[in-house]
Each structure stands twice: as structure tokens, then as C-alpha cells.
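Here is the structure we will look at.
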Amino acid sequence: MSNSKLSADSIRSIAHEVGFDLVRFGPASPGDHAQRFNEWLDAGRHGEMDYLVKNRDRIVDPQQWRPGVRSSISVAVDYSGPQGELQGGGRIARYAVGRDYHRWLGKRITKLRNQLEHAGLPHGSMTGGTDAVPVLERALAVRSGIGFLAKSSMVISPTHGPYLQLAELLVPEDLPHDAAASGTCGSCTACLDACPTDAIVAPFQVDSRRCLSYTTIEQRGFVDHDLREAQGEWLFGCDICLEVCPFTSKSKRRDVLGIDRPKDLQTHQVVETWTLVDVLEMDEERYNAEFVGTAMRRAKRSGMRRNAATVLGNRREESALPALVAALGDEDPVVRGHSAWAIGRIDARHPSLQSALAKEGDDRVRKELQLAIERA
């Protein structure tokens, strides 16, 4: 190491004390992962995530925005646990069941940086974050030995499994790089076989435009019809490619429940107390008051309500019809359109569809209403 008397073992010890389950050292650049990233962007598989294109050069070469960076301290937290589900149905990806990881993981990275500076690393020399800096986090995690790249394009730790929240600190130090993680997916294709939308188009290749973790979170507006039924019970995100992975058995927190879980991973009150109808009916005031501190805010109020309507339609819950019918008069055309689709799934002859069609002025919603009626 240069410019510092702080040993690699000391850095690891401090990182573990801060609360990271895995700590590894590796290059600050993504290596050959950069080419795959560029090919993925060129193929349009990023969907509406244009910020990735705008930051392409910075992402593949951290030197462009952080000159002098030499190594990455890659860290991870095992967040595995019981599946997340609202009262009465509506599944949520496990990473979003507790507090917003941007907050708690970001605080841990800040604490790690502060403690490393206090221990001797130069003040202001390190940049860190989680989904907050323009780097390929999975590439850095793989190159440092946190885990190996899975066929689902996720990172799998041979000791902790695939449910990993990743973060990193980029440092101007020559840290001793760790060896690559042992293990591979081998001949296993469980994630490819289980993906409900065939978003994993080939091993190590994911088309975000078909991935439920994209359509239910990042995508704005109307979701393609051929993906709605495949969405099934998923209100926010999707865990299927992780759930079927044999390495889930390696997680230390897989069966840790309730108050025995770390505070940051304990279930958010929305998950504990809300229903799908609550989500569909929520106004801006309730959204802002009760969705505080959850990663589900990433989907926005419109996206969450759209997703709730879709799941209610997939569940064919007749008890939800009053709420869905009321939503046909909502100010948001996306909510109106997806509610029409849901009503068509439950009862295509419901008179509310014809009534709404007679008054609807948005061409997109009119098409949704007509298609719902045609189901009869």
C-alpha cells in the first residue's frame, strides 16, 4: 500500500465492525465488464434508463471523474430473509422489505470512510456509495472477489449466497487485490428456466425491458400487455431468479425473522399493514406520509398504483372491483388504463367498462377499455 500505514487487515476489521458481511479489495475499474456494458447499452437493453447512456464514459472509466483512484474496497451485506408480501397478497422484492438501502447502506459507507480517515487514510481521498456513484458495482464486486458473476447477471457469494447489497469505496491506495471468488453456476440454468418473462435472454445477458424488476420500478407509464400477466403477484421488483438459485442455502440470514433481524432489514410498516387496495387508493398525502424510508418510492406513486391494479387483476379478486371501478375515474391515465385491464381480467362484462369508455378522452385508456371489453 502507498501513502498510508493502515494495513489491509485493519481496513477489513474496521469494515466488519461498521456492519459489512463481506469486505474485499480489487481494481477500481470494471475491466472487460466495460465492453459487455457498452454492448448492453448499444442493444437498447437498458430501456428508459437513459442516465446510464449519459454517464457511459464515466461508468467505464472512473479516472474520468475521480483521477488517481487505484483500488476499490468492495463490501456487501447479506439481506436474505422471508419473502415480502402485503396483507392479503402483493409481493415485494426482499431488498425493499425493510428500510431504503440507499439510506442505511449509504450511512455505513460514510461511517467506513470517516473511520478510515480517522485511522490514517488521507481525508477527502475516498469516494463511496451504493447506487450513488457512476461505477459498475457488480463488476467491482466480482473483480474484488465478493462473489462470481451468475448467469442471471447477479453476484453470488460462495459463502453468503446471492442476496447481496453491494457498495464500494474508491481509494487512491494500492490495496492488495483479493483472489477471485471460488465457484460458478456450472451447468445450472434454474434462473433462466424460472424467469416468467424470459428476461434472461442468454447466460449472463439480461434484457431489462422484459425484467419485472425494471417494469415495476424503473419503467414509467403503461406496461406492455404481454408482461402484465407474467407479473403475477409482484407489486415491486422480483426475486424469482434469486429464489431458485441453489446458493440461497448459504445465506446466514435466510431464516432470521422479526426482531432478530438487523434493524435496517426489519419489515417496513407499509409491508406489515397495507393491502393492494390501500396502494391503489392512496393519495399523494398518504404516500408522502407513510412511504417514508422505503425503497419502494423509486417506483413513484403512479407506478405503485399501476402495479397494484395489475396484481389485483392477476389475482382476479372480485372484492377489489369497487376500488378498481373507482380508479377508472382517476386523474392518472396510467392508473385508469391498468385498472381497466384488471377489471377485464376479473369481469369483462362489468358495466363500468362501457360507462367509462363513453366518457374517456385519452386514446391510450380508450384502447385499454376496448380490449378489456373484448375479453367478454
So what's the back-of-envelope 222 nm ellipticity for the chain, counting only DSSP H runs of four-plus at -39500 (n - 2.57) apiece and dividing by all residues, rounded to 500? -11500 deg cm²/dmol
Just order 185-192, 65-72, 212-219 by mean Cβ neighbour count inside 10 Å, highest at the front, would you? 212-219, 65-72, 185-192
Among Ser302, Ser249, Ser13, residue whose mean-square fluctuation peaks in a GNM of the chain (springs only between Cα atoms under 10 Å): Ser13
Want the number for Gln63 to Glu281: 0.36 nm per residue separation, take away the alpha-carbon distance, what's left? 73.8 nm
Please work out how much length the chain gains when fully extended from Asp174 to Gln370, using 0.36 nm per residue of separation minus the C-alpha to C-alpha distance, in nm with one decimal. 64.2 nm
How many nm separate the modelled label positions at Cys188 and Ser7, each set 7 Å beyond the Cα in the direction of the Cβ? 3.6 nm
Taking a ≥ b ≥ c as the square roots of the Cα gyration tensor eigenvalues, with a/c under 1.5 meaning rounded and otherwise prolate when a/b beats b/c, else oblate, which class fits the chain? prolate
The exposure ranking of His102, His118, fewest beta-carbon neighbours within 10 Å first, is His118, His102
Could you work out how much longer the chain between Ala34 and Arg349 gets when fully extended? Use 0.36 nm per residue separation minus the Cα distance between them, nm to one decimal. 108.2 nm
Could you work out how far helix 33-42 tilts from the main Cα principal axis of the chain, as a 0 to 90 degree angle to the nearest 10? 30 degrees
Loop only per DSSP, at most 16 neighbouring Cβ atoms within 10 Å: give me the GluC sites (Glu not before Pro) in the range 12-117, ordered by residue number. Glu48
Cβ crowding within 10 Å averaged over residues, with 229-238, 322-331, 90-99 ranked highest first: 90-99, 229-238, 322-331
What's the FRET efficiency of Ser319 with Asp42 using the Cβ-Cβ distance as r and R₀ = 41 Å, to the nearest 0.05? 0.30
Which of these, Arg306, Arg364, Arg24, has the largest mean-square fluctuation under a Gaussian network model of the chain (Cα springs below 10 Å)? Arg364
From the P(r) of the range 274-376, could you give the percentage of C-alpha pairs in the tail past 16 Å? 51 percent
Angle, helix 363-374 long axis vs. longest principal axis of the chain, Cα atoms, 0 to 90°, nearest 10? 60 degrees
Nearest 10 degrees is fine. How inclined is helix 101-119 to the longest principal axis of the chain, computing both from alpha carbons? 10 degrees
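FYI, it's all coordinate maths here, none of it is from the lab. Being a predicted model, the structure only gives us computed values, none of them experimental. Glycine also receives a Cβ, built like all others from the backbone with ideal geometry; neighbour counts cover every protein chain displayed.
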